[in-house]
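Engineer: Before I ask anything, let me first share the structure, which is written out below as C-alpha cells.
The values are calculated or read from the model by the stated rules, or taken from the named source; none is laboratory data. This is a predicted model, so every value here is computed, not measured. For neighbour counting, all protein chains shown are included, and Cβ atoms are generated from backbone atoms with ideal geometry for every residue, glycine included. What goes into the accessible areas is simple: the full protein's heavy atoms, side chains included, and nothing from ligands, DNA or RNA. Shrake-Rupley method; radii C 1.70, N 1.55, O 1.52, S 1.80 Å.
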Amino acid sequence: MDHSRLIKAAHKAKKHSHSPYSRFRVGAALLADNGKIFTGCNIENSSFSLTICAERTALFKAVSEGLRKFKALAIASDVDSFVSPCGACRQVIMDLAGDIDIILTDSKGNSKIIKISALLPLPFDSSILSKL
Ligand code: THU
C-alpha cells in the first residue's frame, strides 16, 4: 500500500500540536482496516506528566469511535531524523492495534516502515491476565 496519504495526514495533524513547553510538534495518522484515517497530535499540560502523545491521541480517537482493527500508523515531527514512538505509546499501540506497521518519517520527506513487534519485543499483553 502507498503510505503517502497517511504520511501527509500525520504532517497535517502536527499543525494542531499543543506543545508550548517542549515546542516539539508531533502528528500521527492511523489507518483503520475500513480505510478511515484517524489523526492525532501531542497535547501538553502545565502539569507535564499529563501530556499525551500524538500516537495515543489518534488511537484513542479511533477506538472511541468504535474502530478495533488497524493497519498502519504514521508519525511526523519537525526534525530531520525519524521520531520513534515512546515506550508508553508502544505498549498502547501493541495492546489496541496489534502488530501493525509503524511509519517513521522525518521533515525531509524520508520514511521507514517498522513493525510494532520490532519496537516492542516480548510485550505485556492480556493473555497473561487469565493465568491467575
Ligand atoms: N511525543 C509524541 O507526541 N510522540 C512521540 O512519539 C514522542 C514524544 C511528544 C510528547 C511531548 O509533547 C513532546 O513530544 C516532547 O516529548
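Engineer: Report yes if Leu122 is open to solvent by less than 30 Å² (accessible area, probe 1.4 Å), more than 10 Å from the ligand (Cβ to nearest atom), of a type in the set (A, V, I, L, M) and part of a loop (DSSP other than H, G, I, E, B), otherwise no.
Structural biologist: Working: open to solvent by less than 30 Å² (accessible area, probe 1.4 Å): no; more than 10 Å from the ligand (Cβ to nearest atom): yes; of a type in the set (A, V, I, L, M): yes; part of a loop (DSSP other than H, G, I, E, B): yes.
Here the answer is no, as Leu122 does not meet what is asked.
Engineer: Contact list please: Cβ distance under 8 Å, first residue in segment 89-100 and acidic (Asp, Glu), second residue open to solvent by 20 Å² or more (accessible area, probe 1.4 Å), pairs at least six apart or on different chains.
Structural biologist: Asp95/Pro123; Asp95/Asp125; Asp95/Ser126; Asp99/Lys115; Asp99/Ser117
Engineer: Select from segment 83-109 the residues that are open to solvent by 20 Å² or more (accessible area, probe 1.4 Å) and among the charged types (D, E, K, R) and list them in ascending order.
Structural biologist: Of everything in segment 83-109, those that are open to solvent by 20 Å² or more (accessible area, probe 1.4 Å) and among the charged types (D, E, K, R) turn out to be Arg90, Asp95, Asp99, Asp101, Lys108.
Engineer: Can you name the residue in segment 48-70 that is open to solvent by less than 80 Å² (accessible area, probe 1.4 Å) and farther than 18 Å from Ser17 by Cβ and is also farthest from the ligand (Cβ to nearest atom) among such residues?
Structural biologist: Ranking the candidates gives Gly66 first.
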